[in-house]
Amino acid sequence: MILTLTVNPSIDRTVELGAPLTRGAVQRATHVVQEAGGKGVNVSRALAMSGVSTLTVLPGDDDDAVLAGLRGVSVPFRNLPIGAGLRTNTAITEPDGTTTKINEPGPELSAAQIEELLAVVVAESSGADWLVLAGSLPPGVPPTFYTRITAAVREAYGPSAPRVAIDSSGEPLIEAAAGVPAPDLLKPNAEELSELTGIGTGDQLELDHELAAKACAVLITAGVGAVLATLGSKGALLV
């Protein structure tokens with residue numbers, strides 16, 4: 001079973017326009033789609049559609065639109081009520097494919113809610129093969145949260161603990177790469193890999209897979225179990 005955590009879930013709303021976006025104008029949408037989103041949610045949805053056993057953990061009240069979206073596509077979940085609505089992320093797409101994204105910050109979690117969420121993840125990790133910690137963190141959640149979860153799960157289950165994969169950005173990613181304990185799998189993109197290791201630029205790593213492999217090796221030497229680097233249109237590299 002693959003357990004996922006999305007600390008900052010959302011309704012992902014895509015608005016398609018029939019003409020280029022014009023600032024200050026009133027424009028009509030030609031098509032609107034919305035679904036439950038967030039990196040961990042997206043992983044669990046793909047797994048559920050493929051028939052793989054999964055459970056996604058997330059904050060959110062029972063009547064929140066995000067949870068309704070998960071029920072609608074039969075994605076198993078365990079939610080922690082927080083007494084606040086979850087965010088909406090909006091993508092505006094123009095006819096030529098240009099997309100403008102507006103991401104809301106998400107509701108702030110209290111210290112007590114953070115501890116409750118950690119406890120839920122640890123409890124649900126029993127018997128899981130993988131624990132995927134994915135996405136941004138909302139206001140109130142420290143950037144060390146993913147490393148705290150990693151440590152708590154391994155302390156609780158020892159050799160039977162699930163392997164931990166982390167896919168985030170910014171400070172949470174930096175903490176995960178440098179954290180003790182380190183994750184079993186880290187998933188940076190090329191730009192993030194460059195920033196974490198000081199090797200090359202994002203563009204250079206996308207074009208030069210040998211250089212990208214060297215950058216991945218730096219993270220592995222620091223303690224990360226494996227690195228899955230996404231390299232834009234050039235594919236991905238697992239080291």
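For residues in the stretch 21-65 being basic (Lys, Arg) and closer than 19 Å to Gly135 by Cβ, which is farthest from the chain's Cα centre (by Cα)? Once the filter is applied, the top-ranked residue is Arg45.
Those strands (runs of 3 or more DSSP E) of the stretch 69-113 in which at least 1 residues are within 14 Å of Gln34 (Cβ to Cβ) and of a type in the set (Gly, Ala, Ser), considering only elements entirely within it, cover 87-93. On the stretch given as the stretch 189-233, residues that are free of Cβ contacts under 8 Å to residues at least 40 places away in the same chain and more than 19 Å from the chain's Cα centre (by Cα) total 26. Anything in the stretch 56-68 that is out of contact with any helix residue (DSSP H, G or I) (no Cβ under 8 Å at 6 or more places or on another chain), under 13 Å from Gly37 (Cβ atoms) and in a loop (DSSP other than H, G, I, E, B)? List them, or say none. Passing the criteria: only Asp64. Selection over the stretch 16-68 of residues that are loosely packed, with under 14 Cβ neighbours inside 10 Å and of a type in the set (Lys, Arg) gives a count of 2.
Taken over the stretch 66-84, the criterion of being within 19 Å of the chain's Cα centre (by Cα) and within 21 Å of Gly106 (Cα to Cα) is satisfied by Val66, Leu67, Gly69, Leu70, Phe77, Arg78, Asn79, Leu80.
Checked against (1) on the phi < 0 side of the Ramachandran plot; (2) in contact (Cβ under 8 Å) with a residue 40 or more places away in the chain; (3) surrounded by fewer than 22 Cβ atoms within 10 Å (Cβ to Cβ); (4) not in a helix (DSSP H, G or I), Pro143 passes all but condition (2).
Since every read-out is calculated from the coordinates, none of them should be taken as a lab result. Not measured: the values here are computed from a predicted model. Heads up, the Cβs are rebuilt from the backbone with ideal geometry, glycines too, and the neighbour counts pull from every protein chain shown.
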